[in-house]
Amino acid sequence: MATQVITSSDIKALTGRTYPAIESGAPSLLTWLRHALIWYRRHRLYRETVSALAALDDRVLADIGVGRHQIEEVAWAMSRKAA
């Protein structure tokens with residue numbers, strides 16, 4: 001015996017009612033992947049910026065107005081602005 005699938009159009013034809021699509025409230029897989037990609041790009045840019053600034057000597061850092069204690073803060077701000 002074959003099973004019959006009842007679709008929303010069948011229900012509409014029988015009852016004359018339409019029902020809204022069910023929203024789960026959870027983000028879709030595609031949305032989750034987009035957010036993960038954005039996070040990865042920001043984090044990679046942050047790491048590259050920290051590495052580049054940490055490789056500079058104190059004199060060059062002073063010339064660009066960044067103290068060694070500010071490297072992570074500056075890298076975080078740049079990664080947030082760029083991505």
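The values are calculated or read from the model by the stated rules, or taken from the named source; none is laboratory data. Every value quoted in this text rests on a predicted model; they were computed, and no experiment measured them. With ideal geometry, Cβ positions are generated from the backbone for all residues, glycine too; neighbour counts draw on all protein chains shown.
Details
- Tabulated pairs, the stretch 47-62, first within 19 Å of residue 80 (Cβ to Cβ) and touching a residue at least 12 places away in the same chain (Cβ under 8 Å), second small (Gly, Ala, Ser) and assigned to a helix (DSSP H, G or I), C-beta under 6 angstrom, 6+ apart or interchain: 49/75; 50/75
- Residue that is nearest to residue 78 (Cα to Cα) [pool: residues in the stretch 26-47 that are exposed (fewer than 11 other Cβ atoms within 10 Å of the Cβ) and among the hydroxyl-bearing types (Ser, Thr, Tyr)]: 31
- Verdict on residue 14 being closer than 30 Å to residue 79 by Cβ, modelled with pLDDT of 70 or more and among the aliphatic types (A, V, I, L, M): no
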